[in-house]
Amino acid sequence: MSNFDVPAGYRFAGMASGIKKSGKLDLALIVSDQPAACAGVFTKNQVIAAPLQLSKPRIAAGRCQAILVNSGNANACTGEAGLQVSRQSTALVAAALQVPEELVAVASTGVIGVQLPLSPFEKGVPELVATLADDQAAQVATAIMTTDAYSKVASARGQQQGNEYRILGLAKGAGMIHPNMATMLGFVLTDAAIEPELLDSSLRRAVERSFNSITVDGDTSTNDMVLLLANGSCGGPAIVAGTSEAEQFYLALERVLLDLARMIVRDGEGATKLVRIQVCGAADEQTARTAARAVATSSLVKTAFFGEDANWGRIIAAVGYSGIEVDQNRIDISFNQVPVARNGLSTGPDLEAEATEILKLDEFCVRIDLHQGDAETSYYTSDLSYDYVKINAAYRS
């Protein structure tokens, strides 16, 4: 947790406010010392939690200075009362920091359908503001966890005309993970200077290749959001769209998000495997994504991974029902470098036995070559274990 870079001009705090019955950390605050350019990507679920209803229009305005986060209660399906708690909690933060309410975003994660009291915020916000420090990012990463086994932090550095900037990403997520966001929260901070339009396009592009390219269980939550703030504290001119610096920033951002995305899948509830589904030889990237997603989300494929069974028949079947046009007589499938199918036919029991050894690894790649063209993409998925059912059967208890 200590080997990450914190961008200049941000402070953090986390605490136990009593929202979680366990007494664990459950309330966090991220503050930029000055208003930051911002962008956000949110759940595509049509049932939208109160904090998102409040935060989306604020983030769309392009400026943000503080993010308040609670875990242990999603504040979703809580009606006008839930919206009032979101409004009042951000008002508490704004008053304590002496900033406009419109510059405060709020996020929640936890159980759906339970009213979230205001009292933890009334007690907690003054303490959070009083303890803000630039070395407490790890506290935030811990406070936003729900069923996560570990906190998730990633960082990267870049250069803009001699000025070094840093990117820090904090995320949570382990279950209800599926493309179009997941039951996840992500907060990405940089001290580079970037205008909101470039931030928005960079974030959406990076999310598509990271958080929208992972799946654990096929469920998309009501609370998902990823926020990206850029406060310009590193100094120097702003990064401008269409330049090499803009592309370098994007690549650094994508690296941070992809690191976080892999951590989320690796931490999938009950997961024992992290599996990369790589589809290559596709006619175009969308075709590759469609095929990869079908394989990554197949319960039969995922249970085979858990059973360490090199059952390539389930994989080719998922490609076949994915909706893309394929020629089954040209499909090759490998586990890491071990081919189990060529031209849609088995390579034999000896190679399948080798592949079975590959499946005993914690991480491996399933490579599917469609032999249609040059496009390729990757999805990340986990296996589906007994513990997934146990964890989710007891989630509210």
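The values are calculated or read from the model by the stated rules, or taken from the named source; none is laboratory data. Being a predicted model, the structure only gives us computed values, none of them experimental. In this analysis, Cβ positions are derived from the backbone assuming ideal geometry, glycine residues included, and neighbour counts consider all displayed protein chains.
For region 212-228, does any single residue satisfy the condition of being in the same structural domain as SER71 (by TED's automatic domain parsing), modelled with pLDDT of 95 or more and of a type outside the set (D, E, K, R)? The answer is yes; a qualifying residue exists. Residues that are among the small types (Gly, Ala, Ser) and surrounded by 24 or more Cβ atoms within 10 Å (Cβ to Cβ) were ranked within region 278-297; the one that is modelled with the lowest pLDDT is ALA296.
ALA317 falls short on exactly one of the conditions (1) over 21 Å from the mean Cα position of the chain (by Cα); (2) closer than 30 Å to ALA154 by Cβ, and that condition is (2).
Looking across region 96-116, the residues that are surrounded by 14 or more Cβ atoms within 10 Å (Cβ to Cβ), free of Cβ contacts under 8 Å to residues at least 60 places away in the same chain and more than 22 Å from LEU228 (Cα to Cα) come down to ALA96, VAL114. Tallying residues that are crowded, with 19+ Cβ neighbours inside 10 Å and over 22 Å from the mean Cα position of the chain (by Cα) within region 27-41 yields 0. For region 354-397, the set of residues classified as among the polar types (S, T, N, Q) and either buried (at least 18 other Cβ atoms within 10 Å of the Cβ) or modelled with pLDDT of 95 or more (or both) consists of THR356, GLN372, THR377, SER378, THR381, SER382, SER385, listed by residue number.
Regarding ASP332, is this residue touching a His at 6+ places or on another chain (Cβ under 8 Å) and loosely packed, with under 15 Cβ neighbours inside 10 Å? Answer is no for this residue.
Of the residues LYS44, LYS24, the single one that is at pLDDT below 95 and surrounded by fewer than 17 Cβ atoms within 10 Å (Cβ to Cβ) is LYS44. From the residues in region 140-193 that are part of a loop (DSSP other than H, G, I, E, B) and modelled with pLDDT of 95 or more, which one is nearest to ALA37 (Cα to Cα)? Selected residue: ALA193. Pairing each residue of region 291-310 that is farther than 18 Å from GLN278 by Cα with any residue that is of a type in the set (Phe, Trp, Tyr) and crowded, with 20+ Cβ neighbours inside 10 Å, provided the two are 6+ apart or on different chains, yields no C-beta distance under 7 Å. Per the listing ALA261, ALA288, ALA310, the residue uniquely in contact with a Phe, Trp or Tyr (Cβ under 8 Å, 6 or more places away or on another chain), closer than 17 Å to SER213 by Cα and of a type in the set (Gly, Ala, Ser) is ALA261. Tallying residues that are assigned to a loop (DSSP other than H, G, I, E, B) and under 17 Å from LYS172 (Cα atoms) within region 20-48 yields 5.
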